[in-house]
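Engineer: Once you've had a glance at the structure underneath, I'll fire off some questions.
The values are calculated or read from the model by the stated rules, or taken from the named source; none is laboratory data. Bear in mind the structure is a predicted one, so any value in this text is a computation, not a measurement. Methodologically, a virtual Cβ is constructed for each residue, glycine included, from the backbone with ideal geometry; neighbour enumeration extends over all protein chains shown. Heads up: the accessible areas ignore ligands, DNA and RNA and are worked out on the full protein's heavy atoms, side chains in. Shrake-Rupley method; radii C 1.70, N 1.55, O 1.52, S 1.80 Å.
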Amino acid sequence: MMRLNYFLLVLFFTMGSVFAQNKNAQDEFWKQLQAHCGKAYSGKLSTEPAPKDFADKKLSMYVMSCSDSEIKIPFYVGDDHSRTWVFTKTKAGIQLKHDHRLKDGSEDKITQYGGTTTNTGAAQIQFFPADQQTTDLIPAASANVWWVTIDGNEYTYNLRKANSPNHFQVSFDLSKEIPVPEKPWGH
């Protein structure tokens, strides 16, 4: 009987620990992003074949600004400074939007697409299925899913398009900082 009680007690605390981890997964993910605020990193494309506008280009990211509710991470492709990943905490979860700008700083006609997490995810990974705004803006992207992973060594940005065997992935080495690039267009 004492063994059974001990087993049940251990099981209770283990389940409570798992629940607490899941409940706080988005907060932990957020803290991991914030830990890199003000830092920049080089990246490499893991996608084969490389999209034409990415082939042979220097890739980098810069965790430009962080607050309790928003994190902005510009993604540079060579001399193209048009892309910024914007993470926002909402009541529904974490939202990822793609802020695309023209050289003059104005918004591109295809911008502010993305999605919001549909569950707590994990501290190392969050998924962002396309939202209604994305569907209205880019009907072909209505079933897109983006996901971001982060751990002590690496940040990855991923995209899977529905009805396509292709997967887009770019990885950044978080162990080696690079000089902070100039601000992205429009910021």
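Engineer: Give me the residue from segment 84-119 that is open to solvent by less than 60 Å² (accessible area, probe 1.4 Å) and either in a loop (DSSP other than H, G, I, E, B) or at pLDDT below 95 (or both) and, out of that set, nearest to ALA40 (Cα to Cα).
Structural biologist: Across segment 84-119, the extreme among qualifying residues is GLY105.
Engineer: Testing GLN133 on (1) in a loop (DSSP other than H, G, I, E, B); (2) open to solvent by 50 Å² or more (accessible area, probe 1.4 Å), one condition comes back false. Which one is that?
Structural biologist: (1)
Engineer: With touching a helix residue (DSSP H, G or I) at 6+ places or on another chain (Cβ under 9 Å) and farther than 13 Å from PRO181 by Cα as the only criterion, which of GLU28, GLU48, GLU70 stands out?
Structural biologist: The unique qualifying residue is GLU28.
Engineer: Taking the criterion of being open to solvent by less than 30 Å² (accessible area, probe 1.4 Å), at pLDDT 85 or above and either more than 21 Å from PHE172 (Cα to Cα) or outside any strand (DSSP E or B) (or both), would at least one residue in segment 47-59 satisfy it?
Structural biologist: Yes, because at least one residue in segment 47-59 is open to solvent by less than 30 Å² (accessible area, probe 1.4 Å), at pLDDT 85 or above and either more than 21 Å from PHE172 (Cα to Cα) or outside any strand (DSSP E or B) (or both).
Engineer: For segment 33-46, name all the residues that are crowded, with 18+ Cβ neighbours inside 10 Å and not in a strand (DSSP E or B).
Structural biologist: LEU33, HIS36
Engineer: Taking interchain pairs and intrachain pairs at least six residues apart, which have beta carbon atoms under 9 angstrom, with the first residue in segment 124-153 and farther than 13 Å from ILE110 by Cβ and among the acidic types (Asp, Glu) and the second assigned to a loop (DSSP other than H, G, I, E, B) and open to solvent by 50 Å² or more (accessible area, probe 1.4 Å)?
Structural biologist: If the second residue must be assigned to a loop (DSSP other than H, G, I, E, B) and open to solvent by 50 Å² or more (accessible area, probe 1.4 Å), the pairs left are ASP151/GLN124.
Residue-wise test of (1) more than 26 Å from GLY38 (Cβ to Cβ); (2) surrounded by fewer than 18 Cβ atoms within 10 Å (Cβ to Cβ); (3) more than 17 Å from the chain's Cα centre (by Cα).
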{"residue": "ALA122", "(1), (2), (3)": "no, yes, no"}
{"residue": "LEU137", "(1), (2), (3)": "yes, yes, yes"}
{"residue": "ASN166", "(1), (2), (3)": "yes, yes, yes"}
{"residue": "PRO184", "(1), (2), (3)": "no, no, yes"}
